[in-house]
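Everything on this sheet refers to the single structure shown next.
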Amino acid sequence: MAANNRRMSGKKGAQVGSGGKRRRGLEGKGPTPPAEMRKGHAKQRAANAKARRAQGRAPQRRGGKSASELVVGRNPVVEALREGVPASTLYVQQFIDSDERVREALQLAAERGGINLMEAPRPELDRMTNGLNHQGLVLQVPPYEYAHPQDLAEAALDDGEDPLIVALDGVTDPRNLGAVVRSVAAFGGHGVVVPERRAAGMTAGAWKTSAGTAARTPVARATNLTRALEAYKKAGIVVVGLAADGDVELTELDALDGPVAIVVGSEGKGLSRLVGETCDFRVRIPMPGGAESLNAGVAAGIVLYEAARRRG
C-alpha cells in the first residue's frame with residue numbers, strides 16, 4: 001500500500017485557472033496611436049525637430065567634424081577663395097614678392113570678411129605645410145561639420161516633402177562628392193550621406209567642385225553605411241542601389257515618386273556586397289552607347305533628374 005501511495009503522490013494535481021488573463025489578452029491594446037506619438041517613428045522625430053526649431057534651438061548635429069585642411073600655393077589659394085571655399089585664416093609670407101595672384105588673394109579675403117590675415121616667416125610656412133611649395137600663400141580651411149544621416153530625412157519630413165537622399169558607397173574622389181552635392185542641390189534633394197571611413201570627405205576640392213552649393217546642401221557622415229540605410233528603410237524610405245547588372249531599369253522604377261535614398265557605388269567596383277544586399281532595388285541606367293560604367297557624379301545626376309521629373 002505504501003508503494004501505491006508513493007506512486008500516487010507523483011501524479012500531477014488539478015490545473016490552476018488563468019484567472020481571466022486569457023480573456024483580457026484577447027481584448028487587445030486599443031487603437032494604434034498616430035505616427036507622431038510612436039517612439040522612434042520618422043514622423044515623431046520630425047515633430048520633435050520642428051518643436052526644437054520653434055523654440056529657437058538648432059537640431060543637434062551628431063555626424064562629427066573633419067580635420068582642418070590647408071590649401072597651399074598661389075593658384076590653389078586664389079581658386080579656393082574665388083569659389084567660396086570656407087576659410088578661417090590666410091597666411092602670407094613676410095617680404096613676399098607680390099604679383100597679381102597675391103594681390104587678388106588678399107583682396108578676396110578682405111572682401112569676404114571673417115578671414116584672419118596672418119603674416120608669417122618662410123620657415124614657419126615650411127613647417128606648417130611639411131615642406132610643400134607654398135609660394136608664400138597658405139589658406140586654412142576650418143573643419144567641416146557633418147550632419148547625421150537621420151537629420152536629412154527629418155528635415156525633409158518637417159518641410160512636408162518626401163526625402164530624396166544620395167548615399168555614396170566607396171567613392172574616394174572629393175571632386176565626385178562635390179559633383180554629387182551640386183546635382184542634389186540642382187534637383188531638389190535633401191542631402192548626401194558618405195561613410196566615415198575609406199570615402200571622400202568635404203575637402204577644399206569637394207567645395208570647389210560643388211560650385212558653392214555645399215553651403216546649402218548638408219552632407220552627413222555615417223559610422224556604418226549599411227546600418228544607416230537600414231534605418232532609412234525602417235523609416236519608410238526606399239533604398240535604391242545603382243548597379244550595371246541591376247534587375248530593374250531606371251525608367252521602370254516607380255519608387256522614385258516617393259521617399260527614396262539613391263546609393264551610388266564607386267566607378268569600377270560598384271556597390272559593396274553588404275550595401276547591395278541592403279538595397280530594396282538594384283537599378284541599372286540604360287546606356288545605348290555601351291559604356292561600361294559612369295562616374296558617381298554623372299550617375300547620381302541622371303537618377304536625380306528622373307526623380308525630380310516625376311515629382312514635378
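Here GLN150 passes the criteria (1) touching a helix residue (DSSP H, G or I) at 6+ places or on another chain (Cβ under 7 Å); (2) among the polar types (S, T, N, Q); (3) outside any helix (DSSP H, G or I) except the one numbered (3).
Taking segment 285-303 as the region of interest, how many residues are touching a residue at least 12 places away in the same chain (Cβ under 8 Å) and farther than 25 Å from GLY178 by Cβ? Residues that pass the stated criteria total 1.
Quick check on this structure: which one of ARG127, ARG101 is surrounded by fewer than 17 Cβ atoms within 10 Å (Cβ to Cβ) and among the charged types (D, E, K, R)?
Result: ARG127 is the single residue among ARG127, ARG101 that is surrounded by fewer than 17 Cβ atoms within 10 Å (Cβ to Cβ) and among the charged types (D, E, K, R).
Could we say that VAL72 is buried (at least 17 other Cβ atoms within 10 Å of the Cβ), farther than 30 Å from LEU294 by Cα and in contact with an Asp or Glu (Cβ under 7 Å, 6 or more places away or on another chain) here?
It is false that VAL72 is buried (at least 17 other Cβ atoms within 10 Å of the Cβ), farther than 30 Å from LEU294 by Cα and in contact with an Asp or Glu (Cβ under 7 Å, 6 or more places away or on another chain).
Screening the candidates THR226, THR172 for the property of being outside any helix (DSSP H, G or I) and of a type in the set (Ser, Thr, Tyr) yields one hit, THR172.
Within the set ALA214, ALA228, ALA220, the sole residue that is of a type in the set (A, V, I, L, M, F, W, C) and at pLDDT below 95 turns out to be ALA214. For segment 130-157, a residue qualifies if it is in contact (Cβ under 8 Å) with a residue 40 or more places away in the chain and surrounded by fewer than 19 Cβ atoms within 10 Å (Cβ to Cβ), and the qualifying residues are LEU132, ASN133, GLN140, PRO142, PRO143, GLU145.
Determine which member of the set VAL239, VAL184 is closer than 19 Å to LEU152 by Cβ, of a type in the set (Val, Ile, Thr) and part of a helix (DSSP H, G or I). One residue alone meets the criteria, VAL184.
If you filter segment 158-177 down to residues that are of a type in the set (Asp, Glu) and within 17 Å of ARG309 (Cβ to Cβ), you find that the one that is surrounded by the fewest Cβ atoms within 10 Å (Cβ to Cβ) is GLU161.
Give segment 79-129 a look and list any residue that's aliphatic (A, V, I, L, M) and in contact (Cβ under 8 Å) with a residue 40 or more places away in the chain, or say none. Show your work before the answer.
Restricting attention to segment 79-129, the residues satisfying the condition of being aliphatic (A, V, I, L, M) are 80-81, 85, 87, 90, 92, 96, 102, 105-106, 108-110, 115, 117-118, 120, 125, 128.
Once the filter is applied, which keeps residues that are aliphatic (A, V, I, L, M) and in contact (Cβ under 8 Å) with a residue 40 or more places away in the chain, segment 79-129 yields ALA80, LEU81, VAL85, ALA87, LEU90, VAL92, ILE96, MET128.
Looking across segment 178-223, just one residue is under 11 Å from the mean Cα position of the chain (by Cα), of a type in the set (S, T, N, Q) and open to solvent by 20 Å² or more (accessible area, probe 1.4 Å), and that is THR223.
The values are calculated or read from the model by the stated rules, or taken from the named source; none is laboratory data. This one's a predicted model, so the numbers in the text were calculated from it and none came from an experiment. Neighbour counts run over all protein chains shown; Cβ positions are idealised from the backbone, glycine included. Heavy atoms of the whole protein, side chains included, go into the accessibility calculation; ligands, DNA and RNA do not. Shrake-Rupley method; radii C 1.70, N 1.55, O 1.52, S 1.80 Å.
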